[in-house]
């Protein structure tokens, strides 16, 4: 049934305004014309035609159901053969060296199967064309598949392209005519008095093994005269005639009190209308398919004596309706297009803004109607959006720059003080010989960290900065730990945030290696993996229990790794690169600490771009 609520919703909310207007205009104008014109003759012609149609349709439905039932019996017989595991096993078994097994197969399986199936439709017959040559022993229901190998009607079945098919109608000879269980043969040319040719419907089905290979073709033979009893029960008027034709449009049988010329069948079935012309007369045509064999039942009834008296009214009315529909459709479409044309242009610009994000568009909509007002309001709204967007971007840039400056300024403010104090103390000691190198390292450290005011630095420069920093720290604390470097040259020219490693190296030296006094080792590595750069800072210092890094009962060393410099560095990384990049700290008491820093990889081509963004 039609869901009128859904139709109404689609019309109201989904259909374009242009088509809504067109349909409304057409409906308002055409409906009165159709109602007035059709009412003048539909009452008389419609009633009589409807009565004739109702009678024919009722008869047709009953006939179709009866024929389908009889044809379905053959399909069910084929299903029984197809699903019979014992029969399939027999078709698959090679009996060439097993005569006793062959006899047992016929006695126990094959003959009982055919006998039982033919009891369902005594007038029908069955034939299996098998690929198993050892199964051939003269049984009339078993034949070699070679007999049909060259028959084009079996080509798709033999190639396993289809599983079943209705073959073209053929004439066969019934052997043992006087017996209710007589059987059919295609090529019996003896023509004796107890034999006669009959028109036969053939339903063919392939039988396959469990792995899908072809075992044989099963034919179900159904005599057309078996269907004649169905057509004899039709209650048709004297003017009615009917035919039953197969899918190849060959007449199987005719019935009723009239006749339909074979030459008219193709013309009738080529149109979908129920009105056709048979023998130069208009008829009411009712036809239906018997879906199992794709045949057609056609019943015709002449309606000329019904329509002759009102033919002129009908013709004039229908011509008027057709011309009105064409004229109104053209006018309605042009008028609706004129109304919605400016609105379509407005929508195209709005969609462009939605798809591209480009708000540098002005809506120039002429006029003073609602469409023009919408364009002006959109211009005002877009102007305000652009101003707000600019202000927001400016605020975000200023905020980000301020945060970066604050965070960077907080990193280790005591480094310079401690370094200078150590140099002053060393002047009067033997360490004064190392002052030149330490001062150079300190100068290079601050020169690299200043970086001409830029926030990003090449990885090679960041690592050089750390080398200078380590040199100064070793001098300041008179330390003797070793430093190892493992740097992947692929990352040397990539960009990174300035002073990204210094807080972590400082923690490793001051709180991991310096307390250890001897045997200390600091390892700094950098490598590329996928689209990320990984920095690793290892020390074999005191270490701590990393599982309790975030607990309240942590040690002093743990608090240092949660302290101001480390936390600021983490914030800087997230602010510069996003939340997906972070610092991982792993440690074990007395075994040392490992810090892993992940940032996105950016090659030399993007270095300048990143320098301006971070």
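The values are calculated or read from the model by the stated rules, or taken from the named source; none is laboratory data. Remember, it's a predicted structure, so these values are computed and weren't measured experimentally. Every residue, glycine among them, receives a Cβ derived from its backbone with ideal geometry; neighbour counts consider all protein chains shown.
The strands (runs of 3 or more DSSP E) found wholly in the range 223-294 and carrying at least 1 residues that are surrounded by fewer than 18 Cβ atoms within 10 Å (Cβ to Cβ), modelled with pLDDT under 75 and within 46 Å of the chain's Cα centre (by Cα) occupy 275-278. Answer yes or no: is there a residue in the range 455-463 that is assigned by TED's automatic domain parsing to the domain that holds residue 593, modelled with pLDDT under 90, surrounded by fewer than 21 Cβ atoms within 10 Å (Cβ to Cβ) and farther than 22 Å from residue 534 by Cα. No, that holds for no residue.
Residue count for the range 157-175, restricted to those that are surrounded by 14 or more Cβ atoms within 10 Å (Cβ to Cβ) and farther than 14 Å from residue 219 by Cα: 3.
Residue-by-condition table, conditions (1) part of a strand (DSSP E or B); (2) in contact with a strand residue (DSSP E or B) (Cβ under 6 Å, 6 or more places away or on another chain); (3) at pLDDT 75 or above; (4) closer than 16 Å to residue 127 by Cβ:
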{"position": "153", "(1), (2), (3), (4)": "no, yes, yes, yes"}
{"position": "156", "(1), (2), (3), (4)": "no, no, yes, no"}
{"position": "165", "(1), (2), (3), (4)": "yes, yes, yes, yes"}
{"position": "189", "(1), (2), (3), (4)": "no, no, no, no"}
{"position": "195", "(1), (2), (3), (4)": "no, yes, no, no"}
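Filtered by the rule that a residue be surrounded by fewer than 18 Cβ atoms within 10 Å (Cβ to Cβ) and in contact with a strand residue (DSSP E or B) (Cβ under 7 Å, 6 or more places away or on another chain), the range 127-143 gives 133, 136, 140. All conditions in (1) more than 25 Å from residue 165 (Cα to Cα); (2) surrounded by 14 or more Cβ atoms within 10 Å (Cβ to Cβ); (3) modelled with pLDDT of 75 or more hold for residue 307, with the sole exception of (3). Inclusion of residue 419 among residues that are in the same structural domain as residue 581 (by TED's automatic domain parsing), at pLDDT below 85, crowded, with 17+ Cβ neighbours inside 10 Å and in a helix (DSSP H, G or I) is warranted. Within the range 73-126, being part of a loop (DSSP other than H, G, I, E, B) and surrounded by 19 or more Cβ atoms within 10 Å (Cβ to Cβ) holds for 95, 121, 124. Once the range 314-336 is narrowed to residues that are more than 45 Å from the chain's Cα centre (by Cα) and surrounded by 16 or more Cβ atoms within 10 Å (Cβ to Cβ), the residue that is modelled with the lowest pLDDT is 314. Against the conditions (1) crowded, with 20+ Cβ neighbours inside 10 Å; (2) over 15 Å from residue 584 (Cβ atoms), residue 533 satisfies every one except (2).
Per the listing 161, 147, the residue uniquely modelled with pLDDT of 85 or more, assigned to a loop (DSSP other than H, G, I, E, B) and at negative phi is 161. Of the numbered criteria (1) without any contact (Cβ under 8 Å) to a residue 60 or more places away in the chain; (2) under 30 Å from residue 284 (Cα atoms); (3) buried (at least 18 other Cβ atoms within 10 Å of the Cβ), the one residue 63 fails is (1). Is it the case that the range 450-468 has a residue that's closer than 23 Å to residue 586 by Cα and touching a residue at least 40 places away in the same chain (Cβ under 8 Å)? Yes - at least one qualifying residue is present in the range 450-468. One residue alone among 467, 447 is in contact with a strand residue (DSSP E or B) (Cβ under 9 Å, 6 or more places away or on another chain), more than 19 Å from residue 601 (Cβ to Cβ) and assigned to a helix (DSSP H, G or I), and that residue is 467. Checked against (1) in contact (Cβ under 8 Å) with a residue 24 or more places away in the chain; (2) touching a helix residue (DSSP H, G or I) at 6+ places or on another chain (Cβ under 9 Å), residue 362 passes all but condition (1).
Here residue 596 fits the description: in contact with a strand residue (DSSP E or B) (Cβ under 8 Å, 6 or more places away or on another chain) and modelled with pLDDT of 50 or more.
Taking the criterion of being in a loop (DSSP other than H, G, I, E, B), buried (at least 19 other Cβ atoms within 10 Å of the Cβ) and at pLDDT 85 or above, would at least one residue in the range 566-574 satisfy it? No: zero hits.
Look at (1) modelled with pLDDT of 75 or more; (2) within 26 Å of residue 25 (Cα to Cα) and you find that residue 384 fails only one, number (2). From the list 510, 521, the lone residue that is under 23 Å from residue 431 (Cα atoms), at pLDDT 90 or above and surrounded by fewer than 20 Cβ atoms within 10 Å (Cβ to Cβ) is 521.
Tell me, please, whether a residue that is under 30 Å from residue 343 (Cβ atoms), at pLDDT 75 or above and surrounded by 15 or more Cβ atoms within 10 Å (Cβ to Cβ) can be found in the range 468-484. No, every residue in the range 468-484 fails to be under 30 Å from residue 343 (Cβ atoms), at pLDDT 75 or above and surrounded by 15 or more Cβ atoms within 10 Å (Cβ to Cβ). Might you let me know whether the range 90-100 holds any residue that is within 23 Å of residue 243 (Cβ to Cβ) and in contact with a helix residue (DSSP H, G or I) (Cβ under 7 Å, 6 or more places away or on another chain)? No; the residues of the range 90-100 include none that is within 23 Å of residue 243 (Cβ to Cβ) and in contact with a helix residue (DSSP H, G or I) (Cβ under 7 Å, 6 or more places away or on another chain).
Of the residues examined, residue 553 is not one that is modelled with pLDDT under 85 and crowded, with 18+ Cβ neighbours inside 10 Å.
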